[in-house]
Amino acid sequence: MKSLKLVSLSVLVALTGCNSDDGKNGANGANGLNSLVKQTQLAIGNANCANGGVQIDSGLDNNNNNLLDETEVDSTQYVCTAAVTEATGEALIKTVSNPWYTAGAAQVKTAKMQSKNIENTRGKAKNVILFVGDGMGISTVTAARILAGQQMGKMGEEHELSFDKFPFTGFAKTYNVDSQTPDSAGTMTAMISGVKTDVGVIGVSEAIERGKCNTVSGNELVTALELAEIAGKSTGVISTARITHATPAATYAKSADRNWEDVSDMPADAVTAGCEDIASQLVNFEANLEAKFTGLNVDGLEVVLGGGRRHFLPKDAAFNSTDATSAVEGDRTDGRDLTAEWKATYPSGNYVMDKAGFAALNANSTERVFGLFNESHMQYEADRKNDIAGEPSLSEMTSKAIDILDNNEKGFFLTVESGRIDHGHHAGSAYNALTDTIEFAKAIEEAVKNTNPEETLIIVTADHSHVFTIAGYPKRGNPILGKVVSVGQTEPTKAADGMPYTTVGYTNGLGFRNLMTETDADAGYSLPAAAGRQDLTTVDTTSSGYHQEALVPMGSETHAGEDVGVYAMGPGAHLVTGTNEQSVIFHVMDYAGNLVQSAEAAME
Amino acid sequence: MYTKTIVNAIKSTTVLAMVSSLNVSAATCDINASIVQAHYTIEAENTTEAGNTLKLKDSANNKHTHQVKKTELTLIRNKTQVAYVYPVSNVTDVWLKYPNNQVTLNRYFEEQKRVIEYQPNELKRAVDWQKKYQLITPTQIKELNLITKVGNGCYQQEEYHLKKDNIVINLSWLPQLNLVERLQISQQGHTKTWQLHNVESSEDEVKQFFAKHYQYQSTDYADIGDNESDPFLVKMINLGFVDHSPQGFYNSQGDNISPDHHRH
């Protein structure tokens, strides 16, 4: 406390002086009182000075004790410390220097720049690539991200898959018109045609009746791939599933049933009524499209890569490929060899069926390629090394396809499906689902690297999700396929039944299988569903043969009905933001690629 | 490796009594062992004693209980394919060996004329082709003690025996046909016996059998989950494979005691 004695007013007056002659001295007056000033520091949070400051009390020392007692205070003033208006100062250093903080601030700066660079002009995307991870719900993306990071030696959660870095993200509502939880056929039809439809149908609207051939005519939809073809772009379809499977089929075929992959799958009355099987529609894509639109002249699909060779060959062992696994590879009962028909239609095209044939393709000189690398679906990425004749990976197929397609000055339209994430989940194998997702992310990275971002719209999404969950409270960096080990612990956490549990699991399905330790020759899936809990104490749940526990016993795990992510970069990418119907994806591609108008212009 | 059943003395019949349609010479056998049908009866016996958690004890009389189950199995070989036909459950398992030596399974449902096709990576990893091909592997035979050899040509029969720890194995083996004539394995109250009662060597019949099954409507195992509209497959999705297990061989406690089923 500081005190200040002030001289009496009489002295002050005397010191100012007067200009007249001095008069006689008067009698001495009584002594005056001292004025005292007291300063008190105020702490942060004081009611009068929230940021702290100084309280100044002043008054007369009435009792002459040289102390400004409380009763002597005549006036109180406050001088407060100014509020902080910028991130400076000791108080905030810990926050603003934290790496999370600086990373977040940088991210917002990047986002602001990206929002300034939004390309809102219609038709700026010369190229459009739609990537579909079949069954790749949000939990699958998260878990795959962590697994990919952990495989690189990181903790995992902070890792980014290729499409995690895309600037624009939204959600798609996946339900089919007649089904709360959808299937791939109705969902891909929605994405590629802009029209939501029923479960199980390909390229046709909800007005049809599934399985009824006579309801197809008049209800066919036009797809973005077809519009791009009409507009003169190069076009391609890739899948690790059979190329006649629902997702790729929806890009080029119209069918009352997704299972009509070749003529032997169709009921006789459907064949008689003139419905064409999906494999036949693939090789007849050019002719069928030209037949739909008078005067149209297109050049057909430039790139078709996937599995499903059996649907293109006759049911005759004489037509077996060199890597056939079945005694009779082909399924077709009409005697047609569609690979031969394709070669006859496109004599300068390349038909390939194994890794060597694929590797020999020169993208600069390849006009078109038709690759069928497996009798049925291609291998899971984790099993690709076991393929008899060898298969290219999804990222290899994507890279080669772009190299072939981008030879066209008008650009290209390409769909790429990772078709077996879905199968991994149906089998209750998180390992297969996630490793296929990681390869899918690599394929997307190839597309990012090999295209011009200013003229290429890339959309990554899923058709639907799966009942796959990430649960418990595992500590940071805990192996995503491992058992839950809590923060600060080294041993797995036990559930109420006294047994450990994995972080990832399934709501339904076949449940627990440990295929790495069994030496018995029984088929893994010939055993009844083993739903419910198992003692995992000595089980390596991170192994490729481990299948997670499931709650509800079923012979196959099911799809899930929640929204899926839509990730986009390039012209028009911002249009995916928000929660939209899945059919909006078509309209984003149309806007960015100006597909409808370009096709109409080409037909004039 | 082996299932376990009670020891039971079963007299082995001679090859001559069982085999039909053989064309043999004194020293050689001109049957193509890779294309052949072999018909077996499989008998599984459980005898439990007091204190055994698996017992079917008549607590009132405090007796041991005895349970015998019989089934039929036809093993049909066609080079790199071998079919296990289970008449009881109306299911046929066809095991196939790929050129790269991977083994896979096609499961045929006879009543519905449908087949589910598996990929090798969808099966348990260590599928032993030899065990599927001939019920017992060459390695396992080598572990047994050869007691005697009788006959010649297709009739040649080797007798093996092993008693080790609590397991007793008796094997009558037909080396020219690569077939088990009789195999009995006993351990701790459980005995299982495979008894060959007929061999058919008609290659035409074998080829017709497989040709007929090639016509069945096939579905990849991987596609089952996406086919909820198919009544046959949706039953598989909802009910699992319990109803369609080829090993339709359950005791009163619901334990699977079928051929090739191994408990752990």
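Okay, here's what the table says:
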| read-out | value |
| --- | --- |
| Flag for A:I56 being surrounded by 13 or more Cβ atoms within 10 Å (Cβ to Cβ) and either at pLDDT 90 or above or in a loop (DSSP other than H, G, I, E, B) (or both) | yes |
| Members of region A:177-202 that are more than 12 Å from every other protein chain (Cβ to nearest Cβ) and in a strand (DSSP E or B) | A:I202 |
| Tally, over region A:106-151, of residues that are among the hydrophobic types (A, V, I, L, M, F, W, C), touching a strand residue (DSSP E or B) at 6+ places or on another chain (Cβ under 8 Å) and crowded, with 18+ Cβ neighbours inside 10 Å | 9 |
| Close pairs (7 angstrom Cβ cut-off, 6 or more residues apart or separate chains): closer than 17 Å to A:F358 by Cβ and in the same structural domain as A:T451 (by TED's automatic domain parsing) in region A:402-419, among the basic types (K, R) and part of a strand (DSSP E or B) anywhere | none |
| Filtered residues of region A:200-230 (kept if buried (at least 22 other Cβ atoms within 10 Å of the Cβ) and among the small types (G, A, S)) | A:G200, A:G203, A:A224, A:A228 |
| Residue ID - modelled with the lowest pLDDT, chosen from residues in region B:105-140 that are over 30 Å from A:H547 (Cα atoms) and surrounded by fewer than 18 Cβ atoms within 10 Å (Cβ to Cβ) | B:E111 |
| Residue in region A:589-596 that is outside any strand (DSSP E or B), at pLDDT 95 or above and closer than 23 Å to A:T142 by Cα present | no |
| Entirely in region B:153-230, the strands (runs of 3 or more DSSP E) that have 1 or more residues that are over 21 Å from the mean Cα position of the chain (by Cα) and within 13 Å of another protein chain (Cβ to nearest Cβ) | B:217-220 |
| Failed condition for A:E341, given (1) over 25 Å from B:N101 (Cβ atoms); (2) crowded, with 20+ Cβ neighbours inside 10 Å; (3) not basic (K, R) | (2) |
| Pair list, Cβ under 6 Å, 6 or more apart: region A:369-389 residue in contact (Cβ under 8 Å) with a residue 60 or more places away in the chain and more than 10 Å from chain B (Cβ to nearest Cβ), other residue among the hydroxyl-bearing types (S, T, Y) and not in a helix (DSSP H, G or I) | A:F370/A:Y351; A:M378/A:T240 |
| Residue within region A:400-407 that is modelled with pLDDT under 95, within 14 Å of another protein chain (Cβ to nearest Cβ) and either surrounded by fewer than 20 Cβ atoms within 10 Å (Cβ to Cβ) or in contact with a Cys (Cβ under 7 Å, 6 or more places away or on another chain) (or both) present | no |
| Single residue of region A:564-588 satisfying the filter (assigned to a loop (DSSP other than H, G, I, E, B) and in contact with a helix residue (DSSP H, G or I) (Cβ under 8 Å, 6 or more places away or on another chain)) that is nearest to the other protein chains (Cβ to nearest Cβ) | A:Q582 |
| Identity of the residue in region B:142-191, of a type in the set (D, E, K, R) and within 16 Å of B:K131 (Cα to Cα), that ends up surrounded by the fewest Cβ atoms within 10 Å (Cβ to Cβ) | B:K142 |
| Verdict on A:K475 being free of Cβ contacts under 8 Å to residues at least 40 places away in the same chain and either part of a helix (DSSP H, G or I) or under 28 Å from A:K165 (Cβ atoms) (or both) | yes |
| Subset of region A:319-355 [within 38 Å of the chain's Cα centre (by Cα), of a type in the set (A, V, I, L, M) and closer than 27 Å to B:K79 by Cβ] | A:A324, A:M353 |
| Checklist (1) at pLDDT 95 or above; (2) touching a Gly at 6+ places or on another chain (Cβ under 9 Å) applied to B:L239, failing item | (1) |
| Any chance A:S217 is closer than 20 Å to B:E228 by Cα, hydroxyl-bearing (S, T, Y) and out of contact with any strand residue (DSSP E or B) (no Cβ under 9 Å at 6 or more places or on another chain) | no |
| Residue that is farthest from the other protein chains (Cβ to nearest Cβ), among those in region B:110-149 that are in contact (Cβ under 8 Å) with a residue 40 or more places away in the chain and assigned to a strand (DSSP E or B) | B:R114 |
| Enumeration of residues in region A:253-311 that are among the aromatic types (F, W, Y) and either outside the structural domain of A:N214 (by TED's automatic domain parsing) or in contact with an Asp or Glu (Cβ under 9 Å, 6 or more places away or on another chain) (or both) | A:W260, A:F285 |
| Filter pass, B:R107 being touching a helix residue (DSSP H, G or I) at 6+ places or on another chain (Cβ under 6 Å) and either of a type outside the set (A, V, I, L, M, F, W, C) or more than 9 Å from chain A (Cβ to nearest Cβ) (or both) | no |
| Qualifying residue in region A:212-220 (condition: closer than 21 Å to B:D223 by Cβ and within 14 Å of another protein chain (Cβ to nearest Cβ)) | no |
| Among (1) in contact (Cβ under 8 Å) with a residue 40 or more places away in the chain; (2) under 24 Å from A:R336 (Cβ atoms); (3) away from every other protein chain (no Cβ under 12 Å) - the single one A:R258 does not satisfy | (3) |
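The values are calculated or read from the model by the stated rules, or taken from the named source; none is laboratory data. Computed from a predicted model, the values in this text were never measured in an experiment. Note: ideal-geometry Cβ built from the backbone for every residue, glycine included; neighbour counts use all protein chains shown.
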